[in-house]
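Heads up, the thing below is written out as structure tokens.
Throughout, read-outs are computed from the coordinates displayed, never taken from laboratory work. The structure presented is a predicted model; accordingly, all values stated were derived computationally and were not measured. Virtual Cβ from ideal backbone geometry, glycine too; neighbours counted across all protein chains shown.
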Amino acid sequence: MATPVVSLQERYEASMVLSGAGDALAYNHGHWEFQRDGELIHQEVAERGGLASLDAKDFPVSDDTVMHLATAEAMMEVGKKGKQTLAHLVKHLVNEYIRCMRDMDGRAPGLTCMSNVELHERRKGGDHRIPFNRRGGGCGAAMRAMCIGLRFPSPEQEGHLIAVSVESGRLTHHHPTGYLGSLAAALFTAYAVRGSPPVEAWGQGLMEVLPKAMQYVVEAGHCVEQNVDSW
């Protein structure tokens, strides 16, 4: 029997929905996300009848999905208005991140995300850059970046992917171990859209993109010396 053809739009929709479903199951009201013993999680899943018996509708999404949707909303809003600059997109990202913090009850948002979004909310004016933070690592920038790879999947869009993933990441996580997670998540998603083989291509591709990301950070001109020293 022939394999059914699934349109790119359907695959994009499935990527967004299933990422939220996976997040909800893994979060499980915080019980599984913060459980360090993986065997205990597997035992509990087995006691519930196995993975196939779990219904994602019974599990709330975590802060990861809320912020991921905020990133997607910002890119869609800018897209509706036609060609816009990176500065326009960053402004929309800040606004969406501030707005989405109102939907964090019971979702365990990270302290780094919360504190820096609060910083943005208190600010007046158009400068959305935050200071370099030697403790600004963590997964908070990566968790919300998959949709950036969906938006900029082609090799010709690589420069946009680098700029948007880095700047969206360091709106809250201004350290290479924070915002480069955003770059990796976006880049690997773009590779998946292209059909690049994960084992053969993804790691090598990331290593080739990292110098370009550093060049972008240098040319962007914000806290350059600290970023390069910590790279």
Could you give log10 I(q)/I(0) at q = 0.17, 0.25 Å⁻¹ for segment 8-61, computed by the Debye formula over C-alpha point scatterers of equal weight, without solvent? -0.57, -0.99
Report the gain in length on full extension from LYS124 to SER53: 0.36 nm times residue separation, minus Cα-Cα distance, nm rounded to one decimal. 20.6 nm
May I ask for the net charge around MET76, where only other residues with Cβ less than 12 Å from the Cβ of MET76 are counted and Lys, Arg are +1 while Asp, Glu are -1? 0
By the mean-Cβ-within-10 Å protection proxy, highest first, 64-75, 21-32, 172-183 rank as 172-183, 64-75, 21-32
Cα long-axis angle, helix 38-47 against the chain (0 to 90 degrees, to the nearest 10): 40
Could you list GLU158, GLU121, GLU39, GLU167 so that the one with the fewest beta carbons within 10 Å of its beta carbon is first and the one with the most is last? GLU39, GLU121, GLU158, GLU167
In whole Hz and in residue order, list the ³J(HN,Hα) couplings for segment 155-171 that follow from phi through the Karplus curve 6.51 cos²θ - 1.76 cosθ + 1.60, θ = phi - 60°; x for Gly and Pro. x, 5, 9, 4, x, 5, 4, 4, 4, 5, 5, 5, 6, 5, x, 8, 5
Identify which of GLY169, GLY159, GLY126 has the largest mean-square fluctuation in a Gaussian network model of the chain, with springs joining Cα atoms closer than 10 Å. GLY126
Tell me, VAL17, VAL90 in order of fewest to most beta-carbon neighbours within 10 Å? VAL17, VAL90
Principal axis box of the chain, alpha-carbon based, largest edge first, Å: 54, 44, 36
Under 28 Å Cα-Cα from LYS80, which lysines qualify once same-chain neighbours fewer than 8 residues away are excluded? LYS91, LYS124
FRET E, pair LEU8, GLU77, Förster distance 22 Å, beta-carbon r, rounded to 0.05: 0.55
